[in-house]
Amino acid sequence: MARYLAQIVVMGAQVVGRAFARALRQEFAASQAAAQARGRSGQQSAAASSISGMSLQEAQQILNLSTLTPEEIEKNYEHLFKVNDKAVGGSLYLQSKVVRAKERLEEELSIQAQDKQQSQQKQQNTET
């Protein structure tokens, strides 16, 4: 009886493991397809999301932003960082999420600036 129970547990773990691996492959493929659809800047943005562990949308939600401007990012960051300071009864976890969101948004601004600069250079090269 114990032998059959052990076999059932092992088989169940194998099924769950295969399903998890398949889901990971599908998610990776979908991520790559979405990045290709967005082009080069999309690939850089996807890479930044992967590295930071936070998507652009999540970062915007955390800092309560609809548009990406350095001034708005800094303003909302400063406010949320102070409000979540442990010294005033805030949460270190939330404060760290605010910091990560700011870093992710600054990375996105950097990517956008690089893309704009490259497109301007291409335009100048085609005009000459």
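The values are calculated or read from the model by the stated rules, or taken from the named source; none is laboratory data. All values derive from a computational prediction rather than experimental measurement. With ideal geometry, Cβ positions are generated from the backbone for all residues, glycine too; neighbour counts draw on all protein chains shown. Quick note on the areas: whole protein, heavy atoms, side chains included, nothing else; ligands and nucleic acids left out. Shrake-Rupley method; radii C 1.70, N 1.55, O 1.52, S 1.80 Å.
Sequence-distant contacts, meaning Cα pairs under 8 Å at least 6 residues apart, place the relative contact order of the range 70-128 at 27 percent.
What order, most packed first, do the peptides 103-109, 87-93, 72-78 have when packing is the mean number of other Cβ atoms within 10 Å of each residue?
103-109, 72-78, 87-93
Extension gain for Q61-Q7 works out to 14.8 nm (0.36 nm per residue, less the C-alpha to C-alpha distance). Surface composition of the range 46-122: carbon plus sulfur atoms hold 52% of the accessible area, using a 1.4 angstrom probe and ignoring ligands, DNA and RNA. In this calculation the C-beta distance from Q124 to R100 is compared with R0 = 22 Å, giving a FRET efficiency of 0.05. Straight-distance candidates among the lysines for linking to K97, with alpha-carbon spacing under 29 Å and chain neighbours fewer than 8 residues away dropped: K75, K82, K86, K116.
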